[in-house]
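For reference, the structure discussed in these notes is given below.
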Amino acid sequence: MRQRFEIPMPVRYLVNGVLIVLLFLLGQFMISAGILSSYFQKILLQVGVYIIAAVSLNMATGYLGQLPLGHAGFMAVGGYTAGIFLKNFPIKGLPAFILAIILAGIVAGIFGILIGIPALRLKGDYLAIITLGFGEIIRVILLNIDTVLGFKFTGGAAGLMGIPKYTSFPAVYICVVITCLFIHTMMKSRHGRAILAIRENEIAAESCGVNTTYYKTMAFTASAFFAGVAGALFASYLGLLVPGDFGFMKSIEILVMVVLGGMGSMLGSVLAAAVLTIVPFALQSISQTVADYRMVIYSVLLIVVMIFKPSGLLGTYDFSLTRIIEGLINRAGIHDGVARKGEQSK
Amino acid sequence: MSKLIPMPTNNLLTERDVDKPPILEARHLGIDFGGLTAVDDFNIAIGRTEIAGLIGPNGAGKTTVFNLLTKVYHPTRGTILLDAKDTAGMNTIQINHAGIARTFQNIRLFKNLTVLENVLIGLHNSMSCSLSESILRLPRYWKQEKEAKERALELLSIFQMQDLAKYEAGALPYGAQRRLEIVRALGTNPKLLLLDEPAAGMNPSETAGLMENIRKIRDSFHIAIMLIEHDMNLVMGICEGIAVLNYGKIIAKGTPEEIQANPAVIEAYLGKKKEG
Ligand SMILES: Nc1ncnc2c1ncn2[C@@H]1O[C@H](COP(=O)(O)OP(=O)(O)O)[C@@H](O)[C@H]1O
Ligand SMILES: [Mg+2]
């Protein structure tokens with residue numbers, strides 16, 4: 001019988017590792033050679049931030065099957081945590097930035113646990129309502145905390161100003177890679193399978209002994225953690241945070257990316273995040289009025305996709321370079337030799 | 001055919017299992033849904049290696065009994081002893097950990113996942129590598145994934161399904177889906193396996209194969225099996241003890257021979273066809 005050729009694991013990792021490094025070098029080269037103007041560099045950084053936001057939301061929607069409506073709230077928590085930390089931490093530079101990103105993730109993650117445990121214990125769509133409330137509460141608190149309680153650290157409506165700007169292409173790139181790797185490896189383990197089982201059929205998952213509350217909270221917390229990381233990068237990219245940046249519409253925008261890309265497809269989230277971040281800039285350069293109707297265009301797009309391809313543009317398909325190589329080798333029929341060699345060694 | 005021996009609690013136990021406590025004993029179990037008493041005064045004992053049957057007309061409350069035993073519903077009355085331990089206060093997950101696995105009348109597979117992944121989720125608790133070990137791909141992750149995959153394929157081979165491992169579970173034909181549910185349940189390493197209409201939708205030759213395999217599973221895993229089934233050839237062919245449920249109450253218990261000769265059972269199934 002003909003054996004299907006499969007690239008062995010170490011080679012697979014090597015190929016992907018090389019690809020990741022090459023892509024990074026390409027980006028670095030384009031920036032240092034001046035091919036990307038500072039305007040495009042700015043867009044690129046935003047793309048990275050939204051990739052992290054979308055990929056992390058996909059964890060809760062696509063993989064866990066919940067509908068959180070307050071993802072921007074977690075970004076706000078992370079952003080303000082990082083901003084306040086960076087402004088007040090005595091040491092400056094890269095160590096402070098790394099600490100700020102981790103801290104932002106942890107604080108957002110803690111909020112994720114606090115909201116997730118009560119909301120996810122209940123069956124049904126409570127999470128949507130609770131996260132919707134959470135996002136708005138965070139925004140209102142950030143807006144009013146300075147005037148109500150007299151603290152002077154969030155800047156209230158005027159915003160948190162003077163955050164050191166450390167967010168660079170390498171920083172964003174590394175964060176994107178870590179986020180994607182973390183989520184990918186998590187999903188390809190017993191923990192990830194447990195999360196998918198909950199999405200597929202909660203009662204069956206329970207009957208298989210999967211601790212559903214635990215895994216729902218785990219997925220939701222991981223989702224919040226990386227939203228916090230995205231928030232931190234965003235804060236140190238702009239240098240200025242305004243509560244309005246993290247309103248309900250921002251949560252919806254991220255959700256649109258996930259839904260358009262295909263719920264449960266990481267590649268879909270990445271591509272949709274990139275396209276939907278770039279599109280507004282492109283529209284702006286065409287005409288401001290078109291840009292103003294962005295949300296209308298999104299809504300129409302969303303409806304069209306839901307009608308013609310409800311699973312999103314990519315469904316649950318995920319990109320794998322090694323799989324493509326395998327496919328080509330198998331089709332070319334080169335694999336017979338390889339397979340036979342494998343049999344001999346047994 | 002093995003004989004059924006009455007226990008002190010008046011429940012019947014298969015002769016070869018009498019020296020050990022029953023794997024499951026239900027006493028005066030009951031549940032009300034609002035005003036409707038779906039199950040009432042349900043008493044049963046299952047021997048550690050018994051194949052037991054639960055039969056009765058549609059709507060009698062058979063599936064509800066399974067839902068009570070697995071705590072999908074919480075009983076209004078009565079006790080359930082699993083391996084001589086009271087299961088009061090346990091939830092569905094803990095019941096599975098304690099040793100009950102089940103299938104569903106309306107199949108509940110993880111449809112968009114592969115056949116292999118379905119079984120791997122059944123094996124979830126037999127694996128122990130932590131989240132950090134998984135993410136860092138430490139040796140224990142590779143070892144456990146490999147072992148779990150081998151175990152899953154071995155379990156699938158009970159039904160000659162190992163070649164279907166990479167297919168999406170939802171794309172399988174009906175009969176194969178039912179068999180996959182059994183395999184997934186076996187993955188959780190149960191002491192008692194509950195099968196809710198395992199032969200529903202199968203053709204006679206599939207049913208005959210299933211019958212053989214249920215017996216084979218009991219013999220090789222040394223577990224107890226309780227099944228709900230309408231196919232009387234299957235029930236009378238493999239069950240040692242049978243309970244008949246009608247309107248939520250047990251109307252007869254005994255060996256297949258006793259059940260077949262019981263006038264109350266014959267009446268519940270055949271007689272008294274009231275209009276309206
Ligand atoms: N969750 C529920 N709420 C209300 N009634 C229920 C519920 N589950 C089952 N029942 C009722 O209990 C009775 C027994 O149902 P079931 O156990 O499914 O029967 P069987 O499996 O023997 O065909 C039916 O009358 C059904 O309507
Ligand atoms: Mg039923």
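Suppose the filter is loosely packed, with under 11 Cβ neighbours inside 10 Å and in a helix (DSSP H, G or I); does residue A:45 pass it?
no
Tally time: how many residues in region B:52-74 are more than 9 Å from ligand 1 (Cβ to nearest atom), away from chain A (no Cβ under 14 Å) and either without any contact (Cβ under 8 Å) to a residue 40 or more places away in the chain or open to solvent by 20 Å² or more (accessible area, probe 1.4 Å) (or both)?
Adding up the residues that qualify gives 0.
Of these, B:77, B:108, B:48, which one is under 16 Å from the mean Cα position of the chain (by Cα), of a type in the set (D, E, K, R), surrounded by fewer than 23 Cβ atoms within 10 Å (Cβ to Cβ) and away from ligand 2 (no atom under 16 Å from the Cβ)?
B:48
Tell me, yes or no, whether region B:202-219 has at least one residue that is in the same structural domain as residue B:18 (by TED's automatic domain parsing) and either part of a loop (DSSP other than H, G, I, E, B) or within 16 Å of ligand 1 (Cβ to nearest atom) (or both).
yes
Please specify each residue of region B:175-195 satisfying the condition of being more than 11 Å from every other protein chain (Cβ to nearest Cβ), open to solvent by less than 30 Å² (accessible area, probe 1.4 Å) and not in a helix (DSSP H, G or I).
Passing the criteria: B:192, B:193, B:195.
Just one of the numbered conditions (1) closer than 20 Å to residue A:202 by Cβ; (2) in the same structural domain as residue B:207 (by TED's automatic domain parsing) is not true of residue B:89; which one?
Checking residue B:89 against (1) closer than 20 Å to residue A:202 by Cβ; (2) in the same structural domain as residue B:207 (by TED's automatic domain parsing), the one that fails is (1).
Given the structure, is residue B:79 assigned to a strand (DSSP E or B), within 16 Å of ligand 1 (Cβ to nearest atom) and hydroxyl-bearing (Ser, Thr, Tyr)?
For residue B:79, the condition - assigned to a strand (DSSP E or B), within 16 Å of ligand 1 (Cβ to nearest atom) and hydroxyl-bearing (Ser, Thr, Tyr) - is not met.
So in region A:49-72, with the set limited to residues that are open to solvent by less than 10 Å² (accessible area, probe 1.4 Å) and not in a helix (DSSP H, G or I), which one is nearest to residue B:110 (Cα to Cα)?
Step by step, filter region A:49-72, then rank; the result is A:64.
Being open to solvent by less than 40 Å² (accessible area, probe 1.4 Å), assigned to a helix (DSSP H, G or I) and either more than 24 Å from residue B:116 (Cα to Cα) or facing chain B (nearest Cβ under 9 Å) (or both) is the requirement here; does residue A:204 meet it?
Spelling it out, residue A:204 is indeed open to solvent by less than 40 Å² (accessible area, probe 1.4 Å), assigned to a helix (DSSP H, G or I) and either more than 24 Å from residue B:116 (Cα to Cα) or facing chain B (nearest Cβ under 9 Å) (or both).
Which residue, of B:95, B:31, B:55, is away from ligand 2 (no atom under 16 Å from the Cβ) and of a type in the set (Val, Ile, Thr)?
Unique residue meeting the criteria: B:95.
Go through region B:32-54 and give me each residue that's more than 21 Å from residue B:10 (Cβ to Cβ) and of a type in the set (A, V, I, L, M, F, W, C).
If the condition is that a residue be more than 21 Å from residue B:10 (Cβ to Cβ) and of a type in the set (A, V, I, L, M, F, W, C), then B:33, B:36, B:38, B:51 are the ones that fit.
Across region B:82-96, which residue is nearest to the other protein chains (Cβ to nearest Cβ) among those that are outside any helix (DSSP H, G or I) and open to solvent by 10 Å² or more (accessible area, probe 1.4 Å)?
Ranking the candidates gives B:91 first.
Taking only region B:223-235 into account, find how many residues are more than 16 Å from ligand 1 (Cβ to nearest atom) and under 14 Å from the mean Cα position of the chain (by Cα).
3
Quick check on my filter: what residues within region B:126-141 are more than 8 Å from chain A (Cβ to nearest Cβ) and either closer than 12 Å to residue A:188 by Cβ or acidic (Asp, Glu) (or both)?
Hit for region B:126-141 is B:133, nothing else.
Answer with yes or no whether residue B:246 is among the polar types (S, T, N, Q) and touching a residue at least 24 places away in the same chain (Cβ under 8 Å).
yes
From the list B:101, B:152, which one is outside any loop (DSSP other than H, G, I, E, B), more than 8 Å from chain A (Cβ to nearest Cβ) and buried (at least 22 other Cβ atoms within 10 Å of the Cβ)?
Only one candidate passes the filter, namely B:152.
Which condition number does residue A:151 fail, the rest of (1) farther than 19 Å from residue A:233 by Cα; (2) assigned to a helix (DSSP H, G or I); (3) at pLDDT below 95 being met?
So residue A:151 meets the others, but not (2).
Which pairs turn up if I take residues in region A:292-311 that are at positive phi and look for partners that are open to solvent by less than 70 Å² (accessible area, probe 1.4 Å) and of a type outside the set (S, T, N, Q) with beta carbon separation below 8 Å, at least 6 apart in sequence or on another chain?
none
Pick out the one residue from B:36, B:24 that is closer than 27 Å to residue B:230 by Cβ, within 15 Å of ligand 1 (Cβ to nearest atom) and assigned by TED's automatic domain parsing to the domain that holds residue B:214.
B:36
Can we say residue B:54 is over 17 Å from the mean Cα position of the chain (by Cα), under 19 Å from residue B:259 (Cα atoms) and assigned by TED's automatic domain parsing to the domain that holds residue B:222?
Here the answer is no, as residue B:54 does not meet what is asked.
In the set A:27, A:65, which member is touching a residue at least 12 places away in the same chain (Cβ under 8 Å), within 14 Å of residue A:175 (Cβ to Cβ) and among the small types (Gly, Ala, Ser)?
Testing whether each residue is touching a residue at least 12 places away in the same chain (Cβ under 8 Å), within 14 Å of residue A:175 (Cβ to Cβ) and among the small types (Gly, Ala, Ser) leaves just A:27.
Looking at region A:186-201, which of its residues are part of a helix (DSSP H, G or I) and facing chain B (nearest Cβ under 7 Å)?
Correct list: A:186, A:190, A:191, A:193, A:194, A:196, A:197, A:200.
Out of (1) closer than 14 Å to residue A:203 by Cα; (2) in the same structural domain as residue B:243 (by TED's automatic domain parsing), the odd one out for residue B:84 is which?
(1)
Given the criterion hydrophobic (A, V, I, L, M, F, W, C), away from ligand 2 (no atom under 16 Å from the Cβ), modelled with pLDDT of 95 or more and buried (at least 20 other Cβ atoms within 10 Å of the Cβ), identify the matching residue among B:169, B:165, B:199.
B:169
The values are calculated or read from the model by the stated rules, or taken from the named source; none is laboratory data. Since we're looking at a predicted model, the values are computed, not measured. Note that we place each Cβ from the backbone using ideal geometry, even for glycine, and neighbour counts take in every protein chain shown. Just the protein is used for accessible areas: all its heavy atoms, side chains included, with ligands, DNA and RNA removed. Shrake-Rupley method; radii C 1.70, N 1.55, O 1.52, S 1.80 Å.
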